[in-house]
C-alpha cells in the first residue's frame, strides 16, 4: 500500500470519526433541549395553576393571606372567578389595555400563561350589560383550558353554575350559552353596551349564534351577563365562549365533596390530553433522560465497533 493510499484511508477514518462525534453531539444537544422544554413547559403550567392563588380566594378563611393581600400585590385585581366543575378558580384583573395581561400574571410578574382579565373597555365591576373576560387556552386544565370542553353537550349540561366575587361580595353565575366564533367578529366581541335596546339586540345575537343553550335559564336586558372567551383548538382564529348571567344568589358547588376534593368525573378529563399531559414533570424528564442514555450507549457501541474493525 502506497503512502498516498495510507494517508487517504487515515483521512477518511478521521473524517468518519469526526462525523460520528458530530452526530452524537447534535443528538445529545437535541435531547438536552427536549428535557429543558419539558421542564420549562411544566414550570409554565405550574405557574398557571389555580393552586398558586388559592390562599387569596375571598371565600376561603386563611390566616396567612386574603383577597386584600392579593390586591395589595397588584392593584389591578378586582374580582374572583370560579366555574364549578372545572379548575377555573382565579383572580380577575383589568388593565389599561388588552395586551398587558396576555403575558403578565395576576401578581404583576411576567408569565407566558398571563391572567384572567376583563376587557379594558368594559365598565368597572361588571357594570355594563355585557362584559368579556379573556384567558389563555392551556393544556392540563389551567387558565381557560377547559372552556372548549363546553362544546360537548353533556359537559355543558353538567356545569351550570359558578361564582363571581366583586365589589366586596359574592355573586352567582348561571351559564346559559356556549358559542364558537371568529376572533374578529365585532358583533360578538362588543363591549360598553348599556342601552336596553342594544342589550336586547346583542342578547338575541348570542342566542342565535349559540351552539348550546340552556332553555330553562331566563335572561333579559335587565340582567348582566359575562362572556368567558379563549382561543379554540378547532380553528386558527376561532374563539370558544361560555356565557353566564350574573345573579345575586349564589349556588353551592355541586362538585365539591366533604373533603374539598374534586370528584372523579373531573379527574377523567385528563384522558382527553396526550401522554405527556397525563404524567408528572419529573416522570417526563426521567423518560427523556433514559432515552438520551440509551441513544448515547448505542452510539458509543457503534463507534467502538467501527474503531475495532
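Any read-out appearing in this document is the output of simple, stated calculations on the displayed coordinates, not a laboratory observation. None of the values given here were measured: they were computed from a predicted structure.
Structure summary
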{"read-out": "Bridge type composition, region 62-273 - antiparallel percent by DSSP, nearest 5", "value": "85"}
{"read-out": "Percent RCO, i.e. relative contact order, over region 112-157, from Cα pairs under 8 Å lying at least 6 residues apart", "value": "30"}
